[in-house]
Each structure stands twice: as structure tokens, then as C-alpha cells.
């Protein structure tokens with residue numbers, strides 16, 4: 001054994017099968033309720049000189065039963081917990097339809113400038129001219145990139161953007177005395193599309209799909225009619241394919257007096273290259289947390305601004321930022337169909353998204369979509385001899401496989417996903433879109449080095465070969481190298497425990 | 001470009017594997033007419049972008065730059081430095097919804113702790129893993145009440161924030177819920193009129209838009225006797241550290257804005273919607289729920305659960321269309337609250353109340369200014385001898401951000417002379433003196 005001067009071994013002793021178990025670093029971490037003290041605090045505040053006797057019984061007698069942690073305890077608790085998460089900053093996170101790309105830290109810094117973070121939504125307009133101009137500039141970029149003449153910034157996330165689009169369509173129909181009751185949605189759509197249509201008060205009808213993964217034009221034409229308010233499509237669609245008949249879809253939709261909504265979740269595939277406005281789209285939301293890299297934050301926050309065609313522009317909701325008399329102001333009332341949330345939308349996300357756009361520029365954004373599509377096609381090309389692509393030919397920004405290749409192996413899509421965890425990757429999106437059996441939807445994004453794409457391909461190919469070599473049982477035991485093994489989701493749903501209680505401790 | 005790792009050699013190699021001549025060929029399914037060159041500025045380095053954003057930031061007057069009294073649904077509070085550090089941990093910041101629980105236990109345990117904290121604060125047994133903000137949470141509460149009661153009318157009390165009222169009206173219109181909005185009123189939460197058999201819920205805010213604090217028990221009894229539900233909206237979460245909890249006063253659903261704890265003002269978003277309810281309504285809740293379970297080796301772990309309510313499973317029959325929520329803001333909320341603990345939160349709330357009492361005392365001394373709010377936590381409404389909107393602009397010129405004119409929130413309310421002012425633990429006596437001085441000067 002090689003020894004260095006101080007006598008420590010430079011090469012580890014041979015170790016047993018559990019050697020790669022990471023639990024030496026990843027500790028079991030108690031809940032704050034098991035860790036904290038009822039009278040402990042990590043914030044030193046002076047004691048108030050005045051009491052709250054003026055409030056009488058409106059005030060409660062003592063503090064809320066919440067534990068406190070000192071600052072060092074809090075740091076350890078949350079840092080330890082963080083270490084149980086996978087993240088983009090650790091490795092490829094190819095969750096299809098989610099666009100898990102690198103989150104530039106310049107954007108975080110910008111969003112924390114006091115002039116942007118420490119301003120109140122209802123300050124006088126004269127004291128927030130920079131913020132309003134920022135919103136105006138973001139609007140300009142979004143309208144230019146999509147070729148659409150109007151934008152509503154306020155929707156809080158993609159699903160609220162969908163609602164914003166449909167409510168504008170509803171308002172437009174109502175304005176011409178043409179109440180309609182149905183929305184057509186492809187079977188492959190995100191679940192938010194039908195859920196949103198229902199929330200907007202429409203009955204949902206599904207449009208079929210062709211064998212090659214596109215909207216079935218004949219089915220669409222048959223279902224369109226004077227009662228259809230909107231057709232909601234996703235382009236590129238959730239199979240990772242560009243809807244090449246989109247112009248015809250728009251023509252048919254408009255001929256029937258309906259509007260075309262486009263779910264912009266997959267805008268990253270075409271940003272800087274293809275303008276939805278030129279395709280006949282009437283409204284589209286843009287997930288700033290996908291295409292424009294604002295961090296996903298463990299589930300949010302997002303932002304879902306919506307761009308509108310000329311026909312729908314008058315129905316865009318309040319607030320709107322407008323430039324007049326050499327200054328900027330907000331129109332907070334009147335016009336449009338109403339209000340989607342308090343205040344003006346996700347300003348923190350606007351700052352980050354604009355920083356991202358300015359950094360890339362028009363040329364860089366075209367390279368973004370180019371590299372995203374290139375990377376997905378590369379993965380597809382390197383995997384298609386071993387896995388079964390759901391559809392022939394090239395894809396856009398995500399590669400979709402079905403589970404035909406697993407037939408007879410005893411392993412499932414879920415097993416493959418969990419096995420990927422042991423190789424250090426976040427699994428792909430599984431079992432979505434619903435139209436493909438055992439779907440595996442892989443979206444690498446443009447921010448992966450080629451070496452990382454190759455590492456992923458090698459890992460997935462090795463898993464595939466193990467599955468085909470009759471080692472399904474091994475895959476079913478995965479993950480073995482994660483902080484926890486597979487969790488009992490049935491138990492969680494059958495006996496819901498959604499909070500800590502003293503009795504449960 | 002600094003965010004793009006592929007080199008031109010990589011691209012050439014990858015194109016060869018794919019069998020495509022160039023990247024453009026991968027886009028051939030898109031119609032040529034939509035593939036026009038897009039006219040936008042070229043890429044920039046970090047120095048130039050930072051310079052541009054700093055220039056925009058410099059044209060705003062930060063709340064911390066001087067006397068500042070805006071509230072009305074967004075509050076300026078201190079956030080401990082460790083909170084912002086922790087939420088920037090890569091593993092929290094750059095992960096997504098915990099769909100794979102084995103490698104998301106960090107986020108999931110935080111959500112479980114968050115749900116427990118929200119339940120304790122609101123005085124209700126179950127809470128979800130967050131919604132977008134308080135206003136959309138209030139709309140979800142109305143939709144949920146309509147589903148539970150199978151009734152279709154919601155009464156909005158006169159103290160409800162106008163943005164919340166407008167948001168509710170917009171978001172529930174599609175499914176046919178009728179919204180009856182009472183006229184804005186400083187102190188009318190006790191009003192239990194109009195409780196017919198078609199009423200699904202009454203929505204009240206506490207403290208209300210004007211800062212008024214009310215004992216909601218009598219109202220809750222009347223609402224329940226009519227077979228309806230009481231939805232309590234809270235826009236200032238710090239108040240929950242001092243006031244009777246909504247649950248203790250009879251709320252069935254609480255929809256609250258959590259910004260005050262852990263989150264920056266950020267010009268209105270992103271914020272975090274808190275949502276809690278009574279246990280029997282669990283399966284009607286909107287949004288994600290995190291639950292405790294065990295893994296294959298019997299160890300405690302957490303998963304997203306009861307997802308049969310949600311859009312990705314139930315599609316058009318889901319309880320809500322929400323997908324992305326406010327995860328990172330919920331984390332900030334939870335960390336700040338863990339640092340405070342119940343004791344710290346009460347102390348913080350008392351400091352807020354004290355600052356507001358000092359503010360009231362100062363305003364009482366300004367000739368022509370009448371304080372309208374009878375019982376308050378940290379916010380009060382005053383009637384001015386002049387319209388409030390031009391006054392706040394004049395006050396801004398004096399270096400004082402004086403508050404929010406009611407006319408800005410609801411121009412039709414006939415309250416052009418009413419101004420809302422909030423004070424927090426960050427309001428110092430000098431700020432209050434500056435406000436009093438500038439107000440006296442501007443009114444003279």
C-alpha cells in the first residue's frame with residue numbers, strides 16, 4: 001500500500017458491498033418539533049415596551065406552540081436536509097416537460113438588489129420607475145420572441161397562464177354575444193390543460209392522436225363546431241414533436257370561430273428560432289421557470305406570463321404597465337376580464353428572466369433552443385438501438401421512449417427510473433404522456449456538457465442491458481444508494497399523516 | 001456563451017451521431033414563415049448585464065431607504081441573513097417538485113414541517129404544501145367551500161382586500177359561483193346578513209384591509225347555523241403570533257399570505273399562499289400534500305400524497321389546476337419561523353403592535369387627520385382632509401412613503417380620502433416623527 005509522508009493511506013482498503021452507501025454523510029435528521037425548544041429562538045429581538053392589553057381577548061394568552069432553533073442548529077438542520085435532495089447543480093436532471101436547466105447566479109444576485117427586492121407593490125409610481133421599466137423591457141422581449149402584440153405578466157405560474165388565456169377567450173366570445181361551452185384538448189396534453197378548462201367553466205373533449213404522435217386533424221375537424229371556444233395544444237407537443245400541421249390547426253380553429261391556445265411549457269425547444277405568433281396562436285403562456293431559467297425551488301415559485309394575438313389583446317387582464325409622458329405607470333383597473341392575483345405578478349422572476357435574456361441575447365437564445373434540440377436528438381440516437389422510441393424520426397427538445405423494450409424482462413419503467421438514481425441521476429419523467437405505454441420522457445436541456453450526456457447514456461444502457469439479462473429483481477431493489485429506499489406510498493395515502501403531532505412522536 | 005457547455009466540436013460530433021447536416025435541419029418541421037430572424041440585442045457579459053439591472057434598481061426607492069408605511073397585503077419585515085443563505089443552497093434552489101421521494105427527502109421533510117407550522121399558526125388541523133399567494137389561496141378556498149357545501153354563492157365581507165375580492169371573482173366565475181361583495185367598510189365583519197340556503201361561504205379578512213381586528217366567533221356561529229363555511233383570510237401572517245387563531249374563532253378554511261415571514265417585498269411576488277382547513281375537508285383540498293410514511297427498510301420518510309385530487313392524475317376533475325406552487329418561498333417561511341419559534345414570533349408580533357400604537361398616537365396629533373381603525377394589530381386607516389393619492393406622491397417628494405390610498409385599490413369605493421398605514425418592527429420612532437412632520441407640512 002502506498003503511504004504518504006504523514007502515514008495516511010492514499011488508497012482505501014478493499015471494502016464490502018455497502019461501501020458506496022452515502023449514509024456516512026447523510027444523517028437521519030429529526031423534525032424541528034423533535035429538535036427545537038419551546039422557548040428557544042434564533043432571532044434576538046428586543047422586548048416590546050408596550051403591551052397588547054388594548055386588544056383584550058382578541059389576543060391569545062401565550063405563544064403559538066412552535067419550536068424554535070438557535071442559528072447554528074437551524075443551519076445544520078437545513079443543510080443536512082438539503083443533502084438529501086438531488087439538484088441540477090449536482091447532475092443531469094432530465095425531467096421531461098420541466099426544462100431543468102442551469103440557473104445562473106447572476107440572476108439571483110440581481111433579484112436581491114435592494115432596489116428590486118425591497119420595493120413594495122403599492123409604492124407611488126414615481127418611486128418605482130426602474131421596476132416598471134424592467135417590466136416593460138421584459139414585455140418587449142416576450143412579445144418579440146413570440147411575435148405576439150400583447151402580454152399579461154401577472155399569471156403566477158403556467159397553470160394560471162392557461163387560465164388567463166382561456167378567460168380572455170371567454171371574454172372575447174362573450175363580448176360578441178357568442179357563448180361557447182367546449183374546449184378541445186389532445187389526449188397527450190399536460191393535466192393542467194383539462195383542469196384549467198374545467199376551472200374556466202368549459203366541458204373538455206379530447207382530440208385523438210395520429211400513429212406518428214401528432215394531433216389528428218380529421219378528429220379535430222370533426223369535433224370543431226359553433227360550440228367550441230378553444231383548442232388547447234402544446235407545441236412542441238408532449239411527445240417531443242413539433243406539430244407540423246399547426247398552421248392548418250389554427251386555420252381550422254379560426255374558421256370555426258374558436259381561438260387557439262398554445263401551452264408554452266415546451267417553448268425552450270423553439271425560443272429564438274420560431275415565433276408562435278406566426279403560426280396562428282392566439283394565446284400562449286411562457287413558463288419563466290423553464291425557458292428563462294428562474295430556479296424551480298423544489299416546486300416553485302414559477303411565473304407564467306401570457307402573450308396574446310391582436311384578437312385577444314383587448315381582453316388581457318389588469319394590471320398592465322404602460323409608458324406615457326416620458327414615464328412608466330401601471331393600469332390597475334378597467335379593461336380585460338379581471339384580476340388573477342393581488343399586485344402585479346412574480347417580479348422576482350421577472351428580474352431573473354430579464355437578466356437571463358440580456359445575457360443570452362437574441363443570438364444566444366437561438367443557440368439555447370438549438371443545443372437543447374441537438375442534445376435530445378443525440379440521446380435518442382445513442383439509445384434507440386437498445387430502448388424503443390415511441391415515435392420514429394427526430395425529436396425536438398425531449399426524447400420519448402415507451403416500455404416495449406422491457407417486455408418479458410419483468411422490469412418496468414419505474415424500475416429503470418429508480419435504477420438511474422443509483423447511478424447518480426434524477427430519473428426522467430415517467431408514465432407521461434399518457435398516450436405512450438410506460439413512457440420515459442427525457443429532456444436534457446442545453447446546459448449539459450457532452451460528457452454528462454455520455455455518462456447518462458452509458459448508465460441507462462447498462463441498466464437496459466441488466467434488465468434484458470434477466471436482472472429485473474436487482475432493478476426492483478433500487479435505489480440502494482439513495483438516502484432512503486423506495487417509500488410506501490400506499491400507506492401514506494391510506495392513513496394520511498400530514499403533520500407532526502405530539503401523539504405521533 | 002457562458003451558460004452553454006457544448007463546443008463547436010461537440011456539436012459537430014453529435015450531429016454526426018444523429019446524421020443531421022446542421023442544427024437548422026432539426027427544425028425542419030417548423031414552417032419556414034415562422035422561422036424569421038428575431039430582432040433582439042446580442043448576448044452580453046456578466047458585467048454589462050449587472051450594470052443594466054443595477055441601473056434599473058437605482059431608479060426605485062427601496063423601503064429600507066427611509067420612512068416607509070406601506071402595507072395593504074405586503075409588509076416590510078426583517079429577514080434573518082441565514083434564511084436567504086439557506087434557500088440558496090443548490091439542493092433546495094435547483095431541484096423541482098419532489099416526484100422521486102428517495103432523492104427529495106430534504107424538500108419533503110421541509111414541506112411536512114411547513115404544513116405542521118401552518119396548521120399550528122392557523123389553528124386548523126391540516127395544511128397543504130403552499131399555493132401561489134394569499135389572494136389565489138382565497139379563491140381556492142371559495143371553490144373548495146362550493147364543492148363541499150354544493151352551494152354556489154360566496155359573500156365577501158366589506159373588509160376584504162379589493163385585490164383579493166377581484167381575484168376571487170375572476171377565478172370562480174367560470175365554474176358558476178356567484179360572488180356578492182359587500183361595500184368596503186372599516187368595521188363590519190360582524191355583519192351576518194344575507195345567509196340564505198344558497199350561500200357556500202362567507203369570506204372575512206382579519207385583521208381586515210383597514211387593520212381592524214375582530215372576534216369572529218359570533219359570525220362563525222351564524223355562518224355554521226346557516227350551513228355555510230367561514231373562510232378567514234389573513235394578509236399579515238405575523239399577526240398570527242399575537243391574535244386568536246382563525247381556527248380557534250371557528251374558521252373552516254384559512255387562506256393566508258405568508259410573505260411577512262421570510263420573504264422579501266419584491267414588488268408583489270413571488271409570495272407564498274398558506275392554506276389550512278378542518279380535517280373532514282382533506283380530500284377537497286387544492287395543491288400538493290406531503291405525508292409521512294416508511295421506506296422499504298422501515299425508516300421514516302415523506303412523500304407527496306393524496307394526489308388523486310390533483311390535475312396530473314384527475315385532469316378535468318381535479319380540485320385545482322395548480323401544479324408549480326411556491327416551494328422556495330415556503331422554505332423561507334419555514335426557516336424563518338423555525339428561527340423565531342413561538343416565543344420569538346410573539347415577541348415580533350408585540351413589537352409590530354407597539355410600533356402601530358406609536359404610529360396611531362402620532363397621527364392623532366396631526367390636525368385634520370382622523371384614525372378610523374377601532375382595534376388594530378400593525379396597520380391603521382386614517383381619513384385625511386384631502387385626497388390620499390396626490391398626498392402620497394407629495395409625501396414621497398418629502399422622502400416619506402406614507403402608505404397606500406384606498407382609491408388605488410378600489411377607485412369606486414368613495415374612499416378617496418382614506419389612507420392605509422402599516423408599522424412593523426423595522427419602523428423606528430424617527431420614521432414616525434418624519435411622517436408626522438411631512439404630513440403636517442403637506443396638509444398645511
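The values are calculated or read from the model by the stated rules, or taken from the named source; none is laboratory data. Nothing here was measured: the structure is a model prediction, and the numbers come from that model. With ideal geometry, Cβ positions are generated from the backbone for all residues, glycine too; neighbour counts draw on all protein chains shown.
Anything in the stretch A:201-221 that is within 24 Å of the chain's Cα centre (by Cα) and surrounded by 24 or more Cβ atoms within 10 Å (Cβ to Cβ)? List them, or say none.
A:215, the sole residue that qualifies.
Scan the stretch A:253-268 for residues that are without any contact (Cβ under 8 Å) to a residue 40 or more places away in the chain and in contact with a helix residue (DSSP H, G or I) (Cβ under 6 Å, 6 or more places away or on another chain) and report the count.
Residues in the stretch A:253-268 being without any contact (Cβ under 8 Å) to a residue 40 or more places away in the chain and in contact with a helix residue (DSSP H, G or I) (Cβ under 6 Å, 6 or more places away or on another chain): 2 in total.
Which one of A:453, A:460, A:441, A:475 is farther than 15 Å from residue A:384 by Cα, at pLDDT 95 or above and buried (at least 22 other Cβ atoms within 10 Å of the Cβ)?
A:475 is the lone residue from the list that is farther than 15 Å from residue A:384 by Cα, at pLDDT 95 or above and buried (at least 22 other Cβ atoms within 10 Å of the Cβ).
Give me the residue from the stretch A:485-495 that is without any contact (Cβ under 8 Å) to a residue 12 or more places away in the chain and closer than 18 Å to residue B:99 by Cα and, out of that set, farthest from the other protein chains (Cβ to nearest Cβ).
Result: A:490.
Which of the residues that make up the stretch B:370-381 are assigned to a strand (DSSP E or B), surrounded by fewer than 24 Cβ atoms within 10 Å (Cβ to Cβ) and either touching a helix residue (DSSP H, G or I) at 6+ places or on another chain (Cβ under 8 Å) or within 10 Å of chain A (Cβ to nearest Cβ) (or both)?
Answer for the stretch B:370-381, where residues must be assigned to a strand (DSSP E or B), surrounded by fewer than 24 Cβ atoms within 10 Å (Cβ to Cβ) and either touching a helix residue (DSSP H, G or I) at 6+ places or on another chain (Cβ under 8 Å) or within 10 Å of chain A (Cβ to nearest Cβ) (or both): just B:371.
Could you say which residue among A:370, A:304, A:364, A:348 is out of contact with any strand residue (DSSP E or B) (no Cβ under 7 Å at 6 or more places or on another chain), within 30 Å of residue B:164 (Cβ to Cβ) and at pLDDT 95 or above?
From the options A:370, A:304, A:364, A:348, the qualifying one is A:348.
Tally time: how many residues in the stretch B:231-263 are away from chain A (no Cβ under 13 Å) and either surrounded by fewer than 24 Cβ atoms within 10 Å (Cβ to Cβ) or free of Cβ contacts under 8 Å to residues at least 24 places away in the same chain (or both)?
Looking only at that region, the number is 1.
If I go through the stretch B:77-97 residue by residue, how many of them are within 7 Å of chain A (Cβ to nearest Cβ) and in contact with a helix residue (DSSP H, G or I) (Cβ under 9 Å, 6 or more places away or on another chain)?
Final tally of qualifying residues: 12.
Could you check how many residues of the stretch B:213-265 are in a loop (DSSP other than H, G, I, E, B), farther than 18 Å from residue B:190 by Cα and out of contact with any strand residue (DSSP E or B) (no Cβ under 8 Å at 6 or more places or on another chain)?
7
Might you check whether a residue that is under 41 Å from the mean Cα position of the chain (by Cα) and farther than 26 Å from residue A:278 by Cα occurs anywhere in the stretch B:34-41?
The answer is no, given that none of the residues of the stretch B:34-41 is under 41 Å from the mean Cα position of the chain (by Cα) and farther than 26 Å from residue A:278 by Cα.
Given (1) within 26 Å of the chain's Cα centre (by Cα); (2) not in a helix (DSSP H, G or I), where does residue B:399 come up short, assuming only one miss?
Condition (1) is where residue B:399 drops out.
Return the only residue of B:110, B:172, B:126, B:118 being in contact with a helix residue (DSSP H, G or I) (Cβ under 7 Å, 6 or more places away or on another chain) and more than 7 Å from chain A (Cβ to nearest Cβ).
Residue meeting the stated conditions: B:172.
Hey, can you tell me all the residues within the stretch A:333-344 that are modelled with pLDDT under 95 and within 26 Å of residue B:59 (Cβ to Cβ)?
Hit for the stretch A:333-344 is A:333, nothing else.
Which ones in the stretch A:346-364 are closer than 16 Å to residue A:153 by Cα, under 17 Å from the mean Cα position of the chain (by Cα) and more than 7 Å from chain B (Cβ to nearest Cβ)?
Those that are closer than 16 Å to residue A:153 by Cα, under 17 Å from the mean Cα position of the chain (by Cα) and more than 7 Å from chain B (Cβ to nearest Cβ): A:350, A:352, A:353.
State all residues of the stretch A:262-278 that are in a helix (DSSP H, G or I) and buried (at least 24 other Cβ atoms within 10 Å of the Cβ); if no residue qualifies, say none.
A:264, A:265, A:266, A:267, A:268, A:269, A:276
Name, by its number, the condition in (1) more than 8 Å from chain B (Cβ to nearest Cβ); (2) without any contact (Cβ under 8 Å) to a residue 12 or more places away in the chain; (3) closer than 21 Å to residue A:96 by Cα that does not hold for residue A:222.
Tallying (1) more than 8 Å from chain B (Cβ to nearest Cβ); (2) without any contact (Cβ under 8 Å) to a residue 12 or more places away in the chain; (3) closer than 21 Å to residue A:96 by Cα, residue A:222 fails exactly one: (3).
Hey, any hits in the stretch B:360-369 for a residue that's facing chain A (nearest Cβ under 9 Å) and either touching a helix residue (DSSP H, G or I) at 6+ places or on another chain (Cβ under 8 Å) or without any contact (Cβ under 8 Å) to a residue 12 or more places away in the chain (or both)?
No, the stretch B:360-369 contains no residue that is facing chain A (nearest Cβ under 9 Å) and either touching a helix residue (DSSP H, G or I) at 6+ places or on another chain (Cβ under 8 Å) or without any contact (Cβ under 8 Å) to a residue 12 or more places away in the chain (or both).
Count, please, the residues in the stretch A:91-121 that happen to be under 18 Å from the mean Cα position of the chain (by Cα) and either on the phi > 0 side of the Ramachandran plot or more than 7 Å from every other protein chain (Cβ to nearest Cβ) (or both).
Residues in the stretch A:91-121 being under 18 Å from the mean Cα position of the chain (by Cα) and either on the phi > 0 side of the Ramachandran plot or more than 7 Å from every other protein chain (Cβ to nearest Cβ) (or both): 9 in total.
Mind telling me which of the residues A:401, A:391 ends up being touching a strand residue (DSSP E or B) at 6+ places or on another chain (Cβ under 9 Å) and assigned to a loop (DSSP other than H, G, I, E, B)?
A:391
Name the residue, out of B:137, B:154, B:141, that is outside any loop (DSSP other than H, G, I, E, B), crowded, with 24+ Cβ neighbours inside 10 Å and out of contact with any helix residue (DSSP H, G or I) (no Cβ under 9 Å at 6 or more places or on another chain).
B:137
Just checking, which of B:339, B:331, B:351 is facing chain A (nearest Cβ under 7 Å) and under 20 Å from the mean Cα position of the chain (by Cα)?
B:331
Filtering the stretch B:64-76 down to residues that are over 20 Å from residue B:337 (Cα atoms) and touching a strand residue (DSSP E or B) at 6+ places or on another chain (Cβ under 8 Å), which residue is nearest to the other protein chains (Cβ to nearest Cβ)?
B:70
Could you list, in sequence order, all residues of the stretch B:14-56 that are facing chain A (nearest Cβ under 7 Å), in a helix (DSSP H, G or I) and farther than 26 Å from residue A:377 by Cβ?
Selection gives B:46, B:49, B:50, B:52, B:53, B:54, B:56.
I want to confirm something. Restricting to the stretch B:407-422 and keeping residues that are within 11 Å of chain A (Cβ to nearest Cβ) and in contact with a helix residue (DSSP H, G or I) (Cβ under 8 Å, 6 or more places away or on another chain), which single residue is nearest to residue B:434 (Cα to Cα)?
B:422
Please work out if residue B:273 is touching a residue at least 60 places away in the same chain (Cβ under 8 Å), facing another protein chain (nearest Cβ under 7 Å) and touching a helix residue (DSSP H, G or I) at 6+ places or on another chain (Cβ under 9 Å).
no
Among the numbered criteria (1) in contact (Cβ under 8 Å) with a residue 60 or more places away in the chain; (2) under 26 Å from the mean Cα position of the chain (by Cα); (3) more than 13 Å from chain A (Cβ to nearest Cβ), which one does residue B:443 miss?
Among (1) in contact (Cβ under 8 Å) with a residue 60 or more places away in the chain; (2) under 26 Å from the mean Cα position of the chain (by Cα); (3) more than 13 Å from chain A (Cβ to nearest Cβ), residue B:443 violates only (2).
From B:189, B:197, B:102, B:166, which residue is assigned to a helix (DSSP H, G or I) and over 21 Å from the mean Cα position of the chain (by Cα)?
When all the criteria are applied, what remains is B:102.
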